[in-house]
Amino acid sequence: MTNPLLTPAHLPYALPDYAAIKDEHFIPAFEIAMEEHRGEVEEILSNDAPASIENTLVALERTGQKLERVARIFFNQTSAHATEPIKAIEEEIAPKLTAHQDAINLDPRLWQRIDALYQQRDELDLDAETKHLLEEKWRDLRRDGAALDDAARAKLAEYNSQLSRLTTAFAQRLLDDTNATAVIVDDASHLAGIAPGTVAGYAQAAQRRNLPEGTYAIELGLPTMQPVLATTENRELRERIYTASINRGANGGDTDTRDLVAQIVRLRAERAELLGHPNHAALVADEGTAKTTTAISELMDALAPVAVQNAKKEAADLQEALEKDHPGEKLQPWDWAFYEEKVRAQRYAVDDATVKPYFELTKTLNDGVFFAANHLYGITFQKRPDLVGYHEDVDIYEAFEEDGTKLGLFLFDPYTRDTKYGGAWMNDQVGQNRLLDEKAVIVNNLNIAKPTGGEPTLLTIDEVRTLFHEFGHALHGLLSDVNYPSFTGTSVPRDVVEFPSQVNEMWILHPEVLPNYARHVETGEVLPAEIANKLREAQLYGQGFATTEYLAAALLDQAWHRVSAAEAAEITTREQVMTFEKRALEEASVAMDELQPRYRTSYFAHTFAGGYDAGYYSYIWAEVFDADAVKWFEENGGFTRANGQRFREALLGRGGSADMLDLYRDLRGRDAILEPLLTRRGLTG
Ligand SMILES: [Zn+2]
C-alpha cells in the first residue's frame, strides 16, 4: 500500500495531495515518520565526533521532515475539518507525539551536545541567524527540562503527556457541548431583526440536525458575545442565546469542561515548579518578549481602570436607549450588543445592514486584501482552480513576487461548518526556509456563514477586519525569508505573533484602499465617503466594552496560571472553578454586571485547549507594537511601496530569526510606547 502522506511531494510547492489522503493513512504515517525521525536523531547523538554546528545544530534542522509534513496536514484538518474519525485519531496520536518529542528533547546526549556548543558560542564565529538558533535551541531545551536529573525528567514527560490528553479533551468536549447547546427556535417571528441570509443558514442548520421543517438552529460561535445578538429584536431570544453562550462547557454531564480545567491548572502549576518557576504564568512570560509577569501586570493595570471607566460610560448610554423600549428595566448583558448597534446606527448611521452590501467576500479579498499586499510588498495572487484543497470550500491562490518569481501558495477557507473550530486562524502546510529549499504554503481559516442558493457572501465590518487580520498572519508566512525551518514565518514568541496581523488591519479603512474594494454588490457604487468617514469615527465607539471584555479574559487567564501548585490542588470541584473565576474578576476590578469576559473559563479554548495558556495577554502586548508601528507608517508617508518594503525587510520577512524587540528597535529607532494604543482606543480620557 502506498501512503500519500509518506511519498515524496509531487504537486507544486509540495502542496499535500489532499484528494489522495484518507483518514486511515494518518496513524501508519505518524508511526513510520516518528520512527524515521528517531533514527535520524540517533545518528546525530551517537556520533563520536565532538559536536559541531553542522553535525548537530544544523543536522537537527534537517531531521523529522516527514513527521513535520504529516503533522501539519493532520493538525490543519483537526481544526478546519474535524470529522469523527479525525477526532478519534487525534486522541490516539496527540499523547504519542508529545512523548516522541519529549524523548528527543530530554535525551541527555542532546543537551550535552547543544550545551557544549552554547558554551563556545562566542568563539565559533557564527552568523547572526545561526547564533540565534543556537541560543534559542539551548533555551528551549532548558525550558523543556533537559538540564534536569533523570527522575525529574521522567516526571516532566508524564506532565506533558497528561496535559496533552487533557487539553485535547477540553477542545473536543467544548465542540460537542457547543453543538449540543445550539439555540432552537420554532417560531420564525422570534427571529425579527436578523438578516434573511442568516435566518436561512439557521434553517439549514436545523435541517442538518434533522429537526422538523420550520425550525431554526442558532449555532454558537466561540466568544461570549454572539454577533447575532446585535440585531435580535426579541429580548427573550437574546437572553436564551446569551445564556446558552456563557454556559458552554458548564452544563454538567459528559461535555462539562470544568473538571478538566481544574486538572489542567494543577498540572501546569506543578510542571512550572519542577522547572524552577513560581507558577505557569511566570514560565510563559519568560518564553515571550514580556519576560516577567510584572511587565504584563504593568500594562494591564495601566489599561484596566480607563477601560472600565469607558465601558461604564457606554453602559449609561445603552441604558438610556433600552429604556425607550423597556421603561424602568435594567440593561442586561444580552442587551449590550443590540443597543450598542442601535446607538452606533443613530450616531454614525452605519449599521451592518447598510454596509454589508459594500463588502462582498471575493471583491474584498481581491481588491482589498490582495490589492493592499500588492501595493505595499509588490506581490500578486493568481487563482489556481487546478489545485485541490482539503475541503471543497477551499480556494487556492499562487503568489508571485513583483518580478514574477514564485513565492508560495495561499489556501483560503472562509466558511463555517460543523467540523470546523470556532474563530479564525492561519496555519502553514509548508514553511519557507532556505536550508531545505522550501516555499510557503499558507492556510487562512474564517467562520463566515455560507449563503444559500448562490447568493453573494456579504461581510460585516468585523468580518472584513478578521479577513485582513488573518491575512496579516498569512503575509508573515508568505514573505518569510529565513534560513532555518525553526524560524519560518510566524515562529516567533507568542506575545508578538499577533503584531504583524494587527498591523495589516490598518489598511481596512485606509482612504487609498477602501474605495478600491468597498463597492455595492448590485450597483458597483463605491462606499459613499460619508459612510466611510463614519466607519472611521465609529471605530472609537464601543472600545470601552471591547477593551474591558478582552482584559477580563486576559486577566482571568493570568489568574488561573499564577496559582501555585498548592493553591491549585485546592480547586477540584466544578463549583470551586466558578468561585475562582468570580473572585479573580473582582480582584482585577474588571467585574461588571452588564458584561462578561470575552471568554469564560469553561469555554476559554485559547487557554485550556491550545496555544494561548497564560498568553492571552499577547494580543494587547502585541497591539502596543502594532499601534506604534501604524504611527511609523503614518509618519513616513503611509501606504507606499517603500514603506512596505522597509517593513517587510525589517520585520515581516525575518520570522523568528532574530529577537523581535531588536528588529523593532532597528525599524523604529526606539522601543514601542503605549500612547498610540491609548489614542487609538479612545482611552486617553
Ligand atoms: Zn491573529
statement: Using the Kirkwood radius over Cα pairs of the stretch 85-219, the Stokes-Einstein translational diffusion coefficient at 10 °C and 1.306 mPa s, in µm²/s and rounded to a whole number, is 81
statement: Rounded to whole angstrom, the alpha-carbon centroid of the stretch 563-614 lies from that of the stretch 184-226 at a distance of 30
message: Give the aspartates and glutamates whose C-alpha is closer than 19 Å to that of K131, dropping any in the same chain fewer than 8 places away, or say none.
response: E54, E61, D115, D122, E123, D140, E287, D481, D659, D662, D666
- request: Sequence neighbours fewer than 8 away in the same chain don't count; with that in mind, list the lysines whose C-alpha is under 25 Å from K87.
  value: K22, K66, K96, K420, K450
task: Could you work out how far helix 461-478 tilts from the main Cα principal axis of the chain, as a 0 to 90 degree angle to the nearest 10?
output: 10
task: Output the antiparallel fraction of DSSP beta bridges having both residues in the chain, as a percent to the nearest 5.
output: 75
Length gained when the stretch A49-D127 is fully extended (0.36 nm per residue, less Cα-Cα span): 25.8 nm
- prompt: Regarding the stretch 1-130, what are the three Cα extents along the principal axes, ordered largest first, in Å?
  reply: 52, 32, 27
- request: Taking the Cα centre of the stretch 339-473 as origin, sum charge times position over the Cβ atoms of Lys and Arg (+1) and Asp and Glu (-1), and report the length of that vector in debye to the nearest 20.
  value: 260
message: For a bin width of 10 Å, list the pair-distance distribution of the stretch 471-531 built from all Cα-Cα distances, rounded to whole %.
response: 19, 35, 22, 17, 6
- request: Could you tell me how many degrees, from 0 to 90 and to the nearest 10, lie between the Cα long axis of helix 618-635 and the main elongation axis, the longest principal axis, of the Cα atoms of the chain?
  value: 80
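Based on other C-beta atoms within 10 Å, arrange F647, F604 from fewest to most. Could you put the intermediate results ahead of the total?
Values: F647 22, F604 26.
Listing F647, F604 from fewest to most nearby Cβ atoms yields F647, F604.
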- prompt: When the convex hull of the Cα atoms of the chain is projected onto a plane and the area is averaged over all directions, what value comes out in nm²?
  reply: 30.3
statement: Placing +1 on each Lys and Arg Cβ and -1 on each Asp and Glu Cβ in the chain, then taking the dipole about the Cα centre, the residue among G197, T56, F371 whose Cα reaches farthest towards the positive end is G197
message: Suppose we keep just the alpha-carbon trace of the stretch 374-474; what are its Rg and Dmax in angstrom?
response: 14.5, 47
statement: Here, K324 and E530, labelled 7 Å along Cα→Cβ, have an inter-label distance in nm of 1.9
- request: Per DSSP H run of n ≥ 4, the term is -39500 (n - 2.57); total these for the chain, divide by its residue number, and report the mean residue ellipticity at 222 nm rounded to 500 deg cm²/dmol.
  value: -16000 deg cm²/dmol
message: Please give me the summed charge of the neighbours of P196: other residues whose Cβ is under 12 Å from its Cβ, Lys and Arg +1, Asp and Glu -1.
response: 0
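Ranked highest first by average number of other Cβ atoms within 10 Å, how do 50-57, 354-361, 174-181, 7-14 line up? Display every interim value, and only then the final one.
Details: 50-57: 16.6, 354-361: 20.6, 174-181: 18.8, 7-14: 13.4.
Top to bottom by mean Cβ count within 10 Å: 354-361, 174-181, 50-57, 7-14.
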field: Stokes-Einstein D in µm²/s, Kirkwood radius over Cα pairs - the stretch 471-608 at 4 °C with 1.567 mPa s viscosity
entry: 68
query: What FRET efficiency, computed as 1/(1 + (r/R0)^6) with R0 = 51 Å and r the Cβ-Cβ distance, is obtained for T83 and Q120, rounded to the nearest 0.05?
result: 0.50
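Quote to one decimal, in nm, the extra length available between T292 and R347 on full extension: 0.36 nm per residue of separation minus the C-alpha distance between them.
Numbers: separation 55, 0.36 × 55 = 19.80 nm, distance 4.21 nm.
Stretched out fully, the T292 to R347 stretch lengthens by 15.6 nm.
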message: If the reach is capped at under 29 angstrom between alpha carbons, list the lysines near K313, excluding any in the same chain fewer than eight residues apart.
response: K324, K330, K342, K356, K534, K582, K631
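Read the figures in this text as sums done on the coordinates, not as results from a lab. What you are looking at is a predicted structure, and each value in this text was computed from that prediction instead of being measured. As a convention, Cβ positions derive from the backbone with ideal geometry for all residues, glycine included, and neighbour counts pool all protein chains shown.
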